[in-house]
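The values are calculated or read from the model by the stated rules, or taken from the named source; none is laboratory data. The structure presented is a predicted model; accordingly, all values stated were derived computationally and were not measured. A quick note on method: Cβ atoms are made from the backbone with ideal geometry, for glycine too, and the neighbour counts reach across all protein chains shown.
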């Protein structure tokens, strides 16, 4: 008599059933009650039937190897769960935990299978609901995965900032102490000031790389047409100044292409400066350090080439050059310069 009080026709499971089929389910099913916090079934238990919720709320969860639980879906009055056992007869693939006290009807697998044989519409309904739940789970999993990737990126970014900024800051602090000592000579103070300026410049460049990287891709805009040779004259002048400071000889080969191109001059200058800074670092310990910039024009392209007389890039590092945070042993840098250059280009 207790089962007759339950309004099964209002549940999702019975919404397409004939009255006779609902009566058969009520006859085959049994009432179950679970207190809050208890488990209806556990992952790995035999898949012996499905549950139709009359009252209460159930969370379908999966336990990770770390011991944490991941909520796959929430089940409320009128919903049903555990139906995968009808399709494959395999053990439970998740755990059902009661959030609020539950009253439910348990329907054995054989009773559901007989119902599907009599009414193909019920089988289609079960497949459709299972598909919707899988779609919901996939969307939830994608959101959580993206969130996890963002958190991991923030963690790597924070580690990069702390690690890469520590060395220049230490050098600046040491140079400041040397300049402030009473016994410091004018020459040593000037050298300390030059050292401070140099590493302040490094920090500024690193911070700009972080800003450029976190800014993301630029919005689609109509780039202005400029004469490339005009852009090159201004940019090469800045490169010459930077090269002189680093004791590097700048060589320009080929005529500056006087062709019209569409590009963002300010951002494209960042590409030149970043490639040049990489070259300056690469030739810092070689005799007669030289950076060569070459220009040529083909029927379809304007080619700009940077090369230096450093030791070159190790073969195993080539596939990783444009990966964020890949510094391949550089003393200064965030590992974001080349990814930013690639994005700008």
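List of remarks:
- Residue in the range 81-99 that is surrounded by 14 or more Cβ atoms within 10 Å (Cβ to Cβ), at positive phi and at pLDDT 80 or above present: yes
- Scanning the range 39-70 for residues that are surrounded by 13 or more Cβ atoms within 10 Å (Cβ to Cβ), under 39 Å from the mean Cα position of the chain (by Cα) and outside any strand (DSSP E or B) gives 42, 43, 45, 47.
- Verdict on residue 276 being within 30 Å of the chain's Cα centre (by Cα), under 22 Å from residue 201 (Cβ atoms) and surrounded by fewer than 16 Cβ atoms within 10 Å (Cβ to Cβ): no
- Exactly one residue out of 52, 122, 86 is out of contact with any strand residue (DSSP E or B) (no Cβ under 7 Å at 6 or more places or on another chain) and farther than 18 Å from residue 136 by Cβ, and it is 122.
- Here residue 115 clears all of (1) outside any strand (DSSP E or B); (2) more than 15 Å from residue 14 (Cα to Cα) except the condition numbered (2).
- Residues of the range 71-80 satisfying the condition of being surrounded by 15 or more Cβ atoms within 10 Å (Cβ to Cβ), in a loop (DSSP other than H, G, I, E, B) and out of contact with any helix residue (DSSP H, G or I) (no Cβ under 7 Å at 6 or more places or on another chain): 77, 79
- Conditions (1) surrounded by fewer than 13 Cβ atoms within 10 Å (Cβ to Cβ); (2) at pLDDT 95 or above: number failed by residue 345: (2)
Per-residue answers, yes or no, for (1) free of Cβ contacts under 8 Å to residues at least 12 places away in the same chain; (2) touching a strand residue (DSSP E or B) at 6+ places or on another chain (Cβ under 7 Å); (3) over 28 Å from residue 165 (Cα atoms); (4) surrounded by 15 or more Cβ atoms within 10 Å (Cβ to Cβ):
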position	(1), (2), (3), (4)
250	no, yes, yes, yes
266	yes, no, no, no
287	yes, no, yes, no
299	yes, no, yes, no
302	no, yes, yes, no
335	no, no, no, yes
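- Residues that are assigned to a strand (DSSP E or B) and farther than 16 Å from residue 293 by Cα within the range 249-275 comprise 260, 261, 262, listed in sequence order.
- Selection from the range 275-285 of residues that are under 26 Å from residue 229 (Cα atoms) and in contact (Cβ under 8 Å) with a residue 40 or more places away in the chain: 275, 277, 278
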